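Remarks on the structure that follows.
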């Protein structure tokens, strides 16, 4: 237990340093930012962990990611949406592919949570699920008997 208590402040310090370095490189045009549509930091963390990334929430606005030799930061923009900032150690193409994979996982987790909540609410309201269909676009069509 004492090891964990020591590692948490160290991880936060490293993540803060990473955040600061990305900001400095951004100012010098050594980094780039990719926009996303993700708003929920809990779902974003789950998606990143499912993808095998080590994450540290630096503060309410920044989520530091460590993927092997690369370090990137998701930070909330003015619209409270997480954008991905990466430095020149990551190619733009690799960062775009990474973001695409994370957004796919984020969407899958969000859909799963929405599906579970909808089934629970329908059951509480006395609705009976008659059919469930998954379309080619991975949308789920539910038919309830009222």
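Bear in mind these aren't lab numbers, they're just calculated from the coordinates by the rules spelled out. The model shown is predicted, which means the values in this text are computed figures rather than measured ones. So basically every Cβ, Gly included, is an ideal-geometry build from the backbone, and we count neighbours across all protein chains shown.
Using 0.36 nm per residue, how much length does the chain from residue 97 to residue 125 gain when fully extended, once their Cα-Cα distance is taken away?
Length gained, residue 97 through residue 125: 5.9 nm.
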Query raised in the report: Can you sort 57, 72 by how many other beta carbons sit within 10 Å, fewest first?
Result: 57, 72
Report summary line: So residue 111 and residue 50, fully extended at 0.36 nm per residue minus their Cα-Cα distance, gain in nm 20.4 nm
Report task. At 0.36 nm per residue, minus the direct Cα-Cα distance, what do residue 66 and residue 118 gain on full extension? Give it in nm, one decimal, please. Result -> 15.3 nm
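How do 59, 87 rank when sorted from fewest to most other Cβ atoms within 10 Å of their own Cβ?
59, 87
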